[in-house]
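Notes for the one structure printed next.
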Amino acid sequence: MPLSPYLVAFPHPDGSDRTAVFGTRKGSLCLVPTSAYEALRRGEDPGPLGPALEPLGVLVPDPEAERARVLGYLEELNRLSPLVMLAVILGMDCNFACPYCYEGDRKGPWTLEPDTARALAAFAGARLGPGKTRLRAQFYGGETLLYRVRLRQVAGSLQGVAAERGASWSFGVVTNGSLLTPEVVDELRPLGLTSAQVTLDGPPETHDGSRPYRDGRPSFGRIVENLVAVRGRLKLGLGGNYTRDTWRAFPRLFDHLEAAGLGPADFTQVRFDAAILGVGGEAVAGCAAATEPWVAEAALALRGEILRRGYPTPRPGPSTCMIDRTDAVTVDWDGRLYKCPGLVGRPGFAVGDLWSGLRDHRESHGVEAWRHDPACRACAYLPLCFGGCRFARLEREGTLAGVDCHQPFLDATLVPLLGQDLRYRDASPEDAGVRRPG
Amino acid sequence: MDAPEIAVLDPGVEVEEVAASATCCKIGPRANLPEPDA
């Protein structure tokens, strides 16, 4: 039985005579004696290794069939997915003034109105049915929790339509954390709230400069107070946006969290990402940052620090984006539909609205671009990437057509990143990571 | 080939599990877009 074409193998960093083998189709990771792995590379019969390595996607009965399986992965995923996923913008007002905000000058006093909320419930209900049995929404803004009344109404109507259709329902909020109090959480949990994603841009000395209140006041202290108060009531994800100038300060964030009594058990996921400022401070897609040489260093160093401190963070594995998923859509406050939160409000990128429905976006959004790219078809990273981030492609090239190749970034980061997993998983029998999907 | 000892550190995920997860962003750096379900 031959090796899969979708493998990344490297010597174990501990110097032992073992080869770490990462299967990109499944995100599997195993250690094989180097002599045995070399024998497999020479095409020798795997013997008793076969039953152990085939379930990991390391050995495959037929490499060409494996390629066909990966090329059909997204179709299979969409066929199997029980989810209808909505990312819903409740309004565009915000109490923060983050200089890198990708919503930029689209902020303002606009709110999802009651008739739009009713149309949203009808739209969601129409997509539920046989095979589509889970309705999940992520609400964001602006600042989501400035819209508590509207959030209760929308969540309640989606909860109702899910119940009518026999589907499960839950939602999360993406929030700056300043209004995430126990009272708010307790009010929303009966309506389906399960998680909140909060952002801290490092310790106070960096966070308060990049995420101040609109009047300039610092926000770090209030957010941490709220995290302490709500922990245990819902799942908490912690994110942070770093720049070339701030990323080295981020490890001190953990000291502040621990001083406040927060620790790894209080978060289900921690990850930091690059926020890049364009000309005049206008936000540029973070995905585009994969081309910046300092980002690989920062991404690896901060992920290593997250793991060293014992916090959960995503591991590499197969992943998809909203553009690839048939039943995932972003709903703007005015009812227009988009296939990526980064595209919201951009003329020409709406793919319909709640009243007329979703148009076919496959050609306009380059959904199949990777399929027609010989380099993508031959790439071992394909299941991790599937053509990359279309939004990043748009930012860099001015078009969604074509692929956003992550090969240089993955060449620079994947092996060290897997080495981090080897190191910290070896160090502790308790798994410090969370799988992607989480 | 004899039976060398292998260590499975992560069995990986089946497509069904990925299909059932509410994830919308890829590995790698990106801006403050909505996160995967926490």
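Values as computed for the structure displayed
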{"item": "Residue list for segment A:234-262, restricted to those being more than 23 Å from A:GLU297 (Cβ to Cβ) and exposed (fewer than 15 other Cβ atoms within 10 Å of the Cβ)", "result": "A:GLU258, A:ALA259, A:ALA260, A:GLY261"}
{"item": "Residue selected from segment A:38-69 under the condition facing chain B (nearest Cβ under 10 Å), among the aliphatic types (A, V, I, L, M) and crowded, with 22+ Cβ neighbours inside 10 Å, by the criterion farthest from B:SER21 (Cα to Cα)", "result": "A:LEU40"}
{"item": "Scan of segment A:299-312 for residues that are in contact with a Lys or Arg (Cβ under 9 Å, 6 or more places away or on another chain), within 11 Å of chain B (Cβ to nearest Cβ) and over 18 Å from A:ASP411 (Cβ atoms), ordered by number", "result": "A:LEU302"}
{"item": "Residue within segment A:7-16 that is buried (at least 16 other Cβ atoms within 10 Å of the Cβ), out of contact with any Cys (no Cβ under 8 Å at 6 or more places or on another chain) and among the polar types (S, T, N, Q) present", "result": "no"}
{"item": "Check on A:VAL8, assigned to a strand (DSSP E or B) and touching a residue at least 24 places away in the same chain (Cβ under 8 Å)", "result": "yes"}
{"item": "One residue from A:LEU74, A:LEU135, A:LEU112 being more than 22 Å from the chain's Cα centre (by Cα), of a type outside the set (Ser, Thr, Tyr) and surrounded by 21 or more Cβ atoms within 10 Å (Cβ to Cβ)", "result": "A:LEU112"}
{"item": "Boolean, A:LEU180 is under 23 Å from the mean Cα position of the chain (by Cα) and part of a helix (DSSP H, G or I)", "result": "no"}
{"item": "Qualifying residue in segment A:220-233 (condition: buried (at least 22 other Cβ atoms within 10 Å of the Cβ) and assigned to a strand (DSSP E or B))", "result": "no"}
{"item": "Exclusive hit being modelled with pLDDT of 90 or more and closer than 30 Å to A:LEU29 by Cα, set A:LEU414, A:LEU354, A:LEU337, A:LEU358", "result": "A:LEU414"}
{"item": "Residue within segment A:173-192 that is small (Gly, Ala, Ser), away from chain B (no Cβ under 14 Å), under 30 Å from A:ARG244 (Cβ atoms) and surrounded by fewer than 23 Cβ atoms within 10 Å (Cβ to Cβ) present", "result": "yes"}
{"item": "Residue match in segment A:138-151 (condition: more than 20 Å from A:TRP110 (Cα to Cα), among the β-branched types (Val, Ile, Thr) and modelled with pLDDT of 95 or more)", "result": "no"}
{"item": "Candidates A:SER4, A:SER35 - the one that is at the interface with chain B (Cβ under 8 Å from one of its Cβ atoms), of a type in the set (Gly, Ala, Ser) and in contact with an Asp or Glu (Cβ under 8 Å, 6 or more places away or on another chain)", "result": "A:SER35"}
{"item": "Residue match in segment A:80-88 (condition: touching an Asp or Glu at 6+ places or on another chain (Cβ under 9 Å), among the β-branched types (Val, Ile, Thr), within 14 Å of chain B (Cβ to nearest Cβ) and within 22 Å of A:LEU343 (Cα to Cα))", "result": "yes"}
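The values are calculated or read from the model by the stated rules, or taken from the named source; none is laboratory data. Quick caveat: nothing in here was measured; it's all calculated off a predicted structure. Quick reminder, even Gly has a Cβ in these numbers, built from the backbone with ideal geometry, and neighbours come from all protein chains shown.
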